[in-house]
1. Given 0.36 nm per residue, what is the gain on full extension from A:Arg95 to A:Asn554 after removing their alpha carbon distance, in nm?
2. In percent, how large is the relative contact order of chain A, given Cα pairs closer than 8 Å and 6 or more residues apart?
3. Given a Förster distance of 51 angstrom, what is the FRET efficiency for A:Lys545 paired with A:Asp243, based on the Cβ-Cβ distance and rounded to 0.05?
4. Can you list the residues, at least 5 places off or on another chain, whose amide H is less than 5 Å from the amide H of A:Lys736, using H built in the peptide plane?
5. How many percent of all Cα-Cα pairs in the range A:44-85 sit more than 14 Å apart?
6. For the range A:666-779, compute the orientation-averaged projected area of the C-alpha convex hull (one quarter of its surface), in nm².
7. Report the full-extension gain for the segment A:Asp193 to A:Glu608: residue separation times 0.36 nm, less the Cα-Cα distance, to one decimal in nm.
8. Which value in nm describes the separation of the simple spin-label points at B:Lys34 and A:Asp437, placed 7 Å from the Cα toward the beta carbon?
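Here, each number is a calculation from the coordinates, and none is a lab measurement. What you see is a predicted model; the values in this text were computed from it and never measured. Here the Cβ positions follow ideal geometry from the backbone for every residue, glycine too, while neighbour counts run over all protein chains shown.
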Amino acid sequence: MLNTRREFLKQVARASALAALSSQMGLVYAMDPPLEQDGLSWQKAPCRFCGTGCGTMVGTKNGRVMAVQGDLQNPVNKGLLCAKGYHAGAALYGRDRLTTPLMRKGNKQVPISWDEAIDAIAKQIAKDPSNFSIYGSGQWTIPEGYTAMKFIKGGLGNNHIDPNARLCMASAVVGFITTFGVDEPSGCYDDLDECDTVITWGNNWAEMHPVLFSRVMNRRNNGEKINYIDLATRQTRSTKAADHYMEFVPQTDLAIANCICYQLLEKGTYDKDFVAKHVRFKDNEKKDLSIEEYKAFLAEYNIENTSKLSGLSKEQLKYLGDIFGDKNKKVLSLWCMGMNQHTRGTWINNLVYNVHLLSGKFGKPGSTPFSLTGQPSACGTCREVGTLAHALPGGRVVKNAEHRKQVEDVWQCKPGSINAKPGFHTISMFEAFAKGDLSSMWVQVTNPAQSIPNLHKNLANSDKRFLVVSDVYPTVTTRLANIVLPSALWVEKNGVVGNSERRTQQWFKMVDPPGDARDDVWQMLAVAHKLYEMGFAGMKNRNGKFLFHMEDENGKEIKSWDWNVYKTINTDKILFDEYRQLTLLKHKDIAPYDEYVKTRGMRWPVTEQNGRWVETKRRFVANDDPYVAEGRDIDIYMAKAGDKKAIAWARPYNAPPEVPDAKFPFWLCTGRVIEHWHTGTMTGRVKELKRAMPHAYVELHPEDARELGITDGDMVKIKSRRGSIILPAWVLGRGKPAKGSVFVPFFDETKLINEVTLDAYCPMSKEPDYKKCAVLVEKA
Amino acid sequence: MPITSLIIGTAPGESANVAQQLADVPYVTITDVKEDSIIVITDTPQSEDDKTCWDAFTGIPGVVSSDVIYHNFEDVEQ
């Protein structure tokens with residue numbers, strides 16, 4: 001019987017692969033044998049990990065996830081998955097899942113009941129509600145983030161909520177808003193299928209977004225000619241596929257982008273019609289510039305000067321200028337953390353837009369700038385719901401009285417409930433927690449004690465404050481907590497997320513969470529209702545009802561705070577449809593919840609046309625985006641000046657705050673690896689992934705290693721002005737950093753590289769720069 | 001004992017050579033060889049061996065991509 005079943009599963013596995021292969025060729029064949037015949041129950045769910053938003057099919061039996069396969073019907077991945085994706089199911093079953101609430105008593109965390117935990121948290125918040133904070137995540141589902149935001153901004157009247165997405169895409173957000181007047185990209189993944197040139201700006205997509213990388217490489221394998229330019233500070237797996245590798249001095253991407261713009265204007269190869277119709281120019285003081293004044297600003301970024309500054313050859317710079325100056329080329333720019341985690345992250349986002357706006361390579365199939373996102377719902381939850389210290393749902397901000405009123409009306413809060421003063425952004429939030437300006441913090445779905453930069457400084461005294469942590473496994477953050485709440489993970493709960501290409505995707509709960517673990521949404525609702533029972537005014541709406549009042553179809557109140565009731569209803573649907581009312585202001589329209597149940601997601605704005613809900617492939621583009629005015633080919637309809645034009649900003653090169661010197665002579669760059677998701681708390685529990693990448697390492701250039709007398713496996717000390725760690729060396733490993741620089745991944749909780757990193761951040765986006773600081777490297 | 005299917009993308013004209021080398025990797029069954037891709041099934045005794053196989057594929061000359069499609073781990077204890 002065993003052999004029979006195994007042989008049958010192999011047939012299913014083969015059929016899946018054949019179907020995926022045909023799907024990549026634009027054909028979709030039914031599988032033979034169909035998935036359902038393997039005895040498992042199969043349902044769709046987007047992958048739990050990165051911002052790509054791949055569709056998976058999850059096979060369950062007897063209350064347990066048994067198999068995962070790429071979802072052939074999902075247009076994001078067309079059946080493909082990366083190593084993390086196909087282990088997403090196994091990540092649920094680590095032996096040390098948190099299964100009961102814990103409370104610190106003395107030096108120990110001891111099990112307590114949910115009632116005790118909820119009571120203790122509510123009492124602590126009631127003592128000092130204005131100095132309570134929430135630190136959340138781009139891994140929050142949309143309903144989770146929406147609930148947390150309503151809890152703190154509507155219920156407590158403070159704005160001290162920020163997500164870990166501040167650490168990964170805040171610069172992209174401010175870049176979009178300053179250039180286009182509104183956040184999130186015009187382009188989409190279809191552009192991967194139509195470009196003829198790809199430029200990655202400091203992005204190792206072969207490891208970080210491998211399915212998108214495969215999507216382009218598969219075109220190449222099918223004989224299409226695609227020119228790939230890897231503009232980077234370190235050779236990676238992506239470099240191996242590149243036609244051109246261009247290695248630049250860290251931070252000089254600012255100058256390189258300006259140099260491309262200079263060449264376009266100097267040679268007259270810019271798109272004059274596009275620029276006249278769709279672009280205006282401004283300097284750093286927001287003063288309008290003529291195109292001649294802008295060109296004069298760019299003059300210092302001529303090829304000669306830029307070559308000296310950036311380390312790129314004159315030929316390489318000229319090549320980039322010519323690529324963008326060629327009207328026939330369809331150029332797709334991609335970037336992620338390399339540009340966003342940058343002390344001038346907003347500026348470099350603006351400058352890459354400048355390059356595309358000047359060249360007219362914007363909003364055209366395969367020819368557009370496209371910002372990739374790191375987390376599964378950094379876009380859907382943090383950017384669209386707006387779980388940031390200054391934001392409100394749908395692109396609103398707390399400083400705007402009309403925006404506050406609109407949200408208060410939907411939430412049925414008493415007028416004036418929402419505070420006009422922005423709260424602490426991530427780095428300032430942890431500084432305030434360390435100083436005692438914040439008395440308590442609730443962390444959900446993230447692990448800041450590993451991921452915040454400059455840990456010694458930013459986590460000082462955190463064990464002396466009141467810290468609540470909701471998580472699925474023990475982490476370095478849960479170890480600091482006064483109260484630990486065990487959470488449900490991925491398909492143990494309902495969810496809705498939004499990916500990099502504005503695609504909103506939904507899934508249903510498929511298995512129960514282990515032990516007494518419970519949904520993050522429920523945890524927040526339960527504490528909110530406890531406050532309501534205690535008479536806390538903010539948790540009553542303007543009609544005296546619970547702030548999160550929900551009713552069934554008969555008008556009867558749903559006791560969502562009661563776990564036994566909660567687990568029988570779909571609160572996601574109620575919360576999502578409430579949130580949906582707030583998405584229309586800036587044309588980020590989403591469809592009703594039930595529409596997402598039927599589909600593999602839809603890209604907003606989603607509008608009802610002739611009784612059908614229709615997604616938007618390319619935003620701001622005629623015949624696709626319904627908000628484009630008639631007669632316009634491109635319509636930047638949220639331009640702040642109302643002129644429907646994007647802004648090309650004159651942003652200068654700006655040196656990084658810390659550069660190598662005699663005492664700390666190396667650049668340090670940090671990042672991720674393909675096997676592990678962020679701080680490794682989930683992927684570290686999957687044996688296959690743990691074995692494939694068991695611990696962090698320091699990657700050195702072979703010449704540097706030789707000069708320092710270091711060989712593979714030697715223990716190496718990395719020391720900065722802030723701290724030091726010891727790691728094994730990897731000299732001829734997966735990547736090769738530039739001479740004079742080293743790379744260390746941050747997934748390993750036993751080797752905390754963030755004790756070394758700098759917490760300087762972009763002054764506009766407040767996103768810290770994890771990609772460059774100065775360190776000493778020596779054999780330990 | 002996980003069962004996994006993968007599509008191995010190959011450089012033009014390399015699929016036959018790659019298939020020969022894939023056949024030497026333990027726990028691998030080749031089910032289909034196309035012009036620029038190969039479908040393989042891995043049936044490994046331990047879950048840890050699964051990723052070892054996957055890594056071995058990417059080291060074979062002529063392999064340009066390796067995409068996992070289906071992963072069944074119903075009898076694996078984490």
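1. My answer for the length gained is 160.9 nm.
2. Details: 1779 pairs, mean separation 141.6, N = 780.
About 18 percent, as a whole number.
3. Details: r = 62 Å, r/R0 = 1.22.
FRET efficiency, A:Lys545 to A:Asp243: 0.25.
4. For A:Lys736, the qualifying residues are A:Gln235, A:Thr236.
5. On the way: 342 of 861 pairs.
The share of Cα pairs beyond 14 Å in the range A:44-85 comes to 40 percent.
6. Values: hull surface 28.6 nm².
Taking a quarter of the hull surface, the average projection is 7.1 nm².
7. Working: separation 415, 0.36 × 415 = 149.40 nm, distance 2.72 nm.
146.7 nm is the gain from fully extending A:Asp193 to A:Glu608.
8. Output for this residue pair reads 5.8 nm.
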